[in-house]
Structures are given as C-alpha cells and as structure tokens.
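First up is the structure itself, then whatever we jot down about it.
The values are calculated or read from the model by the stated rules, or taken from the named source; none is laboratory data. Fair warning: this is a prediction, and the values are worked out from it, not measured in the lab. Virtual Cβ from ideal backbone geometry, glycine too; neighbours counted across all protein chains shown.
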Amino acid sequence: MVCRGLMLQLHRAGHIRLPARKRCPVNPSGRRKKPEIVLVDQEPLVTPLKAVRPLRFTQVRRTPSEKLFNSLIEQYHYLGYCQPVGEHLKYIVYAQDNPIACMAWSSAPRHIKSRDTFIGWDPVVRMKNLPLLAYNTRFLILPWVRVQNLASHILAQMAGILPGDWQKQYNHPVYYLETFVDKTLFSGTCYKAANWIYLGDTTGRGKNDQTNKPNRSIKAVWGLPLSKNFRERLCHGQ
C-alpha cells in the first residue's frame, strides 16, 4: 500500500507515467475482521502512582499478547483498532499482572509542516531520514484505571524504552518522537507534563489531500527530541 501510494503521487506530479488501470482491486483492509474480544479484570484501580510502581512495559507485537492489545484498543480507544502499515511496535503496560495501558508506535507521517520547520531539514534529507522518527498512534489508559499522573509517567518511561526496542527490531535508531492530539477532545496535558513540545496545529487536510480544504479535525502536533544533537543526526545523517 505504501509503495502504491508513492507511485500514484509520482504519477499525479508528472514524474512517471503509469499505465491505465485494468481493474479496481478490493481493499483487503475493508474486509479485515475486527479484533477478537479478550476479557480482562475490570476491577477499578484508584490509587496513588507510587502504589503501582514499578510498571512493566511489554512489547507485544508478534507475541501471543498481541491479541489482548488489539482487543483493548478496539474496545476502549475512541479511534478503535487499525492495522498499522510499515515499522511499528505495540506495548501493554502492566501494574503487577494487570494491564492498565496500551501504546502503539509506527513510522512517522512523511510531512508535517510544523515538525519539519522545527527540525529544519530539507525535503531530500527528510525523505532519507524519516525512519529515524517514531509516531505515537495510540495511547490508552484503560477506563477503570484512575491513577493521578499515570499518563505522563508512562510517556516519560516509554521515551527511555522505545529507542532500544526499535533498534533491536529494525536495526536503526530513532531520535525523535511525535504524536497528534485531537484538540476537540483533548488538551495534551500529559504530553506537556512529560516534556513534549507543542509545535503547532495540522491543516486538517490529510496526507493525500487534493482539494486544499480542511476535511477533518485540527490536531495539535507534539514532539519529543531524544537527544540534544537530534537536529544534527536528523539533518546530516546518523
């Protein structure tokens, strides 16, 4: 899908010429079954953060626990579950043996104006070094969990865990994390508390926009550099 999308962009921009379409294939994602429901203990957890520390972060992609992750996201995240494309990792956060949160990370969007301005890279370097970024696609605190400061604590811990796991899984580092926050629903307080930086807002047009008119909600763009020299690494190579 990613390769096909890139070829269509090149065709529309006049860089290549594709042959006429012979047929309209069925999108397999449209027929993909929803994740199976996995039941978990929903006893309310209302306690100070220190009572659940230390938390256990488990990367579950391609493990038996991936079904649990998919189920929890589908049931309790407002966006539901969507199968990631490209590089991605999935985490379940446990307090003792009970899941309390889920996080998903994937390849970064190819172009975000506020992010690209903040980093300061040109389009050629951006296309080369985009894999050095990771995008937080889902963040879920399970609805029966009420632990003050839990979300920002998880974000802070995750910033130290993800780079090593990404290096191990994909054999390259990440130097920068990013996410979108729907401004009609959330304020991004937990990201701010975890030292993420608010960079600006999206245009509301999406990555494949052809109309130059907003067609979705405006989202706040938040980023987190993982090293002091992140600009040097992202703009000039690893």
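The rows are residues; the columns are (1) at positive phi; (2) of a type in the set (Gly, Ala, Ser); (3) touching a helix residue (DSSP H, G or I) at 6+ places or on another chain (Cβ under 8 Å); (4) crowded, with 20+ Cβ neighbours inside 10 Å.
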{"position": "Ile100", "(1), (2), (3), (4)": "no, no, yes, yes"}
{"position": "Lys113", "(1), (2), (3), (4)": "no, no, no, no"}
{"position": "Trp144", "(1), (2), (3), (4)": "no, no, no, no"}
{"position": "Gln157", "(1), (2), (3), (4)": "no, no, no, no"}
{"position": "Pro163", "(1), (2), (3), (4)": "no, no, no, no"}
{"position": "His172", "(1), (2), (3), (4)": "no, no, yes, no"}
Exactly one condition in (1) more than 13 Å from Leu142 (Cβ to Cβ); (2) in contact (Cβ under 8 Å) with a residue 40 or more places away in the chain; (3) hydroxyl-bearing (Ser, Thr, Tyr) is not met by Tyr76; state its number. (1)
Against the condition out of contact with any helix residue (DSSP H, G or I) (no Cβ under 6 Å at 6 or more places or on another chain), surrounded by 11 or more Cβ atoms within 10 Å (Cβ to Cβ) and within 30 Å of Ile161 (Cα to Cα), how does Leu45 come out, does it pass? yes
Region 77-101 - residue that is closer than 29 Å to Gly5 by Cα and hydrophobic (A, V, I, L, M, F, W, C) and, of those, modelled with the lowest pLDDT: Val85
What do you reckon, is Pro214 modelled with pLDDT of 95 or more and on the phi < 0 side of the Ramachandran plot? no
In this structure, is Asp116 within 21 Å of Pro64 (Cα to Cα) and without any contact (Cβ under 8 Å) to a residue 24 or more places away in the chain? no
Kindly indicate whether Leu72 is closer than 17 Å to Met158 by Cβ and touching a Cys at 6+ places or on another chain (Cβ under 7 Å). yes
